[in-house]
């Protein structure tokens with residue numbers, strides 16, 4: 001099977017967003033960045049409440065006075081996922097623009113055979129046996145054929161004329177990969 005397409009910066013962003021959501025290491029960093037500051041903020045607010053209440057001896061009144069600080073914690077928890085995705089997308093777009101990236105955003109042709117995956121682009125020609133492929137992941141708009149933990153062939157859905165062709169390409173890649181993993 002062959003996929004012929006032009007890779008875009010949005011495709012690269014989609015891969016990086018997907019990878020950051022599904023990589024165990026990136027996921028752990030995301031969760032730490034989400035909950036650790038919130039826990040710290042809650043601890044600081046509680047400490048301020050305790051110290052302020054020591055002087056006033058009116059816990060409810062002190063809590064009401066500090067309520068805007070306490071509300072910052074749930075606001076952070078709600079805002080962080082959106083902010084993280086936005087920052088990641090902006091970072092990837094900036095990295096794409098900082099170098100010349102010759103060949104990255106050129107015509108790509110990916111060919112699947114029972115032996116492996118071959119990719120031809122402006123960056124050159126590469127062939128990878130299925131036994132080396134880490135995994136094949138399909139999303140609504142892309143299929144990512146991971147060559148290693150950080151690199152993948154990115155094939156967009158638009159490379160196919162209809163959804164059935166995309167599904168057949170994904171199924172073929174997954175079958176070839178599974179067969180190579182089991183030694184069939």
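The values are calculated or read from the model by the stated rules, or taken from the named source; none is laboratory data. The model shown is predicted, which means the values in this text are computed figures rather than measured ones. Here the Cβ positions follow ideal geometry from the backbone for every residue, glycine too, while neighbour counts run over all protein chains shown.
Within segment 129-149, the set of residues being assigned to a strand (DSSP E or B) and under 23 Å from the mean Cα position of the chain (by Cα) comprises 135, 136, 137, 138, 142, 143, 144, 145, 146.
A search for C-beta distances below 6 Å between a residue of segment 130-142 that is outside the structural domain of residue 178 (by TED's automatic domain parsing) and any residue that is surrounded by 14 or more Cβ atoms within 10 Å (Cβ to Cβ), counting only pairs 6+ apart in sequence or on different chains, returns nothing. Residue 95 passes every criterion in (1) surrounded by fewer than 15 Cβ atoms within 10 Å (Cβ to Cβ); (2) outside any helix (DSSP H, G or I) apart from (2).
The residues of segment 150-168 that are within 23 Å of residue 17 (Cβ to Cβ) and over 22 Å from the mean Cα position of the chain (by Cα), listed by number, are 160, 163. Of everything in segment 52-61 that is surrounded by 10 or more Cβ atoms within 10 Å (Cβ to Cβ) and under 19 Å from residue 71 (Cβ atoms), the residue that is modelled with the lowest pLDDT is 53. For residue 73, the stated conditions do not hold, so it cannot be described as touching a residue at least 24 places away in the same chain (Cβ under 8 Å), surrounded by 12 or more Cβ atoms within 10 Å (Cβ to Cβ) and within 22 Å of the chain's Cα centre (by Cα). Out of all the residues in segment 113-120, is one or more modelled with pLDDT under 90, part of a strand (DSSP E or B) and closer than 14 Å to residue 2 by Cβ? There is no residue in segment 113-120 that is modelled with pLDDT under 90, part of a strand (DSSP E or B) and closer than 14 Å to residue 2 by Cβ.
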